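A quick write-up on the structure given underneath.
The values are calculated or read from the model by the stated rules, or taken from the named source; none is laboratory data. A quick note: this is a predicted structure, and the numbers were derived from the prediction, not measured. All Cβ positions, glycine included, derive from the backbone under ideal geometry; neighbour counts span all protein chains shown. SASA here: full protein model, heavy atoms, side chains in, ligands and nucleic acids out. Shrake-Rupley method; radii C 1.70, N 1.55, O 1.52, S 1.80 Å.
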Amino acid sequence: MTETPDFLDGNAAAGDLSQLFGTDMTHVSGPCLGCGQRVVIAQAHTFLGGPGTVLRCPGCDTVLLRMVRSPERIWLETSGMGYLEFVNHP
Amino acid sequence: MERTAVLARLTWQPATLQAVHPETPTARTLTLAVPGWEGHQPGQHLDLRLTAAGGYTAQRAYSIGSAPAAETVKLTVEVTPGGEVSPFLAHMAHPGVRVEVRGPLGGWFVWSPNEAGPVQLIGGGSGVVPLMSMLRTHRAIGHRAPMRLLYSVRSPDALLFAGELTAGDQVGAADHVTVVYSRQAPSGDLRGPGRVDAADIATHVLAAEDSPKCFVCGPTPFVEAVNELLGRAGHDLHQIRAERFGTGRT
């Protein structure tokens, strides 16, 4: 990569994601459907400020999660992750 | 009941700016009074939201620099050129100003005092803020695990928390701070100005064999470069946690 990397990471999306799921999401992980790499949400390349928030795989750039908000609705697309793995706190 | 209490933390709550403290010509530490705030884990951040008279809102994430405490948090805001929120917070906001906050946020980029192992903190510019929460907590509780901070700043007048960081090491202290300068070094500084490189890692960073937990924070290019250097120095990538602040150009 020759250009200066200009992305945030999943920590920046913690507020929106955590409010949606009711729990911290930064530690959640799952396989990227583009390349199979296991990605922790905190480390996903994150882009705010567009029509929505986009989280991409650090390895292959596949969109893992996309979140769009309107005043009354929130849409979460998770089509880039095979599954979400949470720590189970009994 | 407990579940409601957990969710309540994840919604916006009112806060009042209690005090401001200049750090540099372009950065200030803000102390916020947040009723009901129960503290945080070192490394966490909060979202801060400003609402203009017409209802327009702007929100940004800010790392918490203070050690955990009830009812108050300290943020250190650096002006982002062309930024929408930071110029207001860093230059104009005065005690009494009301904002909203959401948090604490982030359970991954966190150091817990329960952990006994050595810790290496590496911060660039304002990336030192969440690391300061870790260092202040470590000092406040007299934690004995070795903790080192390698802090890279542009120039001496960009140094945040200067009084605290350059106070000098106390004999027997379990923490150690090294400041390096990327563009302009103070006269007499033997290293001279330059970005963090392999020599800095070899000289100032805990050895990979000690399996330190590494926390790296700052602008995205800084984090990417440091992660690469740590990997080349033999550090296990799974022991490295990073938080990227972008390039500050957006």
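Can you run down the residue pairs with Cβ atoms below 7 Å, 6 or more apart or on separate chains, where the first is in segment A:20-39 and within 12 Å of another protein chain (Cβ to nearest Cβ) and under 18 Å from A:Leu8 (Cα atoms) and the partner is open to solvent by 10 Å² or more (accessible area, probe 1.4 Å) and in a strand (DSSP E or B)? Pairs found: A:His27/A:Val40; A:Val28/A:Glu85; A:Ser29/A:Arg38; A:Ser29/A:Val40; A:Ser29/A:Glu85.
In summary, helices (runs of 4 or more DSSP H) completely within segment B:110-212 and bearing 1 or more residues that are buried (at least 20 other Cβ atoms within 10 Å of the Cβ) and under 16 Å from the mean Cα position of the chain (by Cα) occur at B:128-140.
Matching residues to (1) without any contact (Cβ under 8 Å) to a residue 40 or more places away in the chain; (2) surrounded by 21 or more Cβ atoms within 10 Å (Cβ to Cβ); (3) assigned to a helix (DSSP H, G or I); (4) among the hydrophobic types (A, V, I, L, M, F, W, C):
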{"residue": "B:Cys214", "(1), (2), (3), (4)": "no, yes, no, yes"}
{"residue": "B:Val223", "(1), (2), (3), (4)": "no, yes, yes, yes"}
{"residue": "B:Asn227", "(1), (2), (3), (4)": "yes, no, yes, no"}
{"residue": "B:His238", "(1), (2), (3), (4)": "yes, no, yes, no"}
{"residue": "B:Arg241", "(1), (2), (3), (4)": "no, no, no, no"}
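Of all residues in segment A:41-59, those that are within 12 Å of chain B (Cβ to nearest Cβ) and aliphatic (A, V, I, L, M) have Cβ atoms under 6 Å from Cβ atoms of residues that are surrounded by 21 or more Cβ atoms within 10 Å (Cβ to Cβ) and assigned to a loop (DSSP other than H, G, I, E, B), 6 or more apart or on another chain, in A:Ile41/A:Met25; A:Ile41/A:Thr26; A:Ile41/A:Val28; A:Ala42/A:Thr26; A:Ala42/B:Trp108. The residues of segment A:2-18 that are at pLDDT 90 or above and facing chain B (nearest Cβ under 7 Å), listed by number, are A:Phe7, A:Leu8, A:Asp9, A:Asn11, A:Ala12, A:Ala14, A:Gly15, A:Ser18.
Among the residues of segment B:44-81, the ones that are more than 21 Å from B:Leu159 (Cα to Cα), part of a loop (DSSP other than H, G, I, E, B) and touching a residue at least 12 places away in the same chain (Cβ under 8 Å) come to 5 in all.
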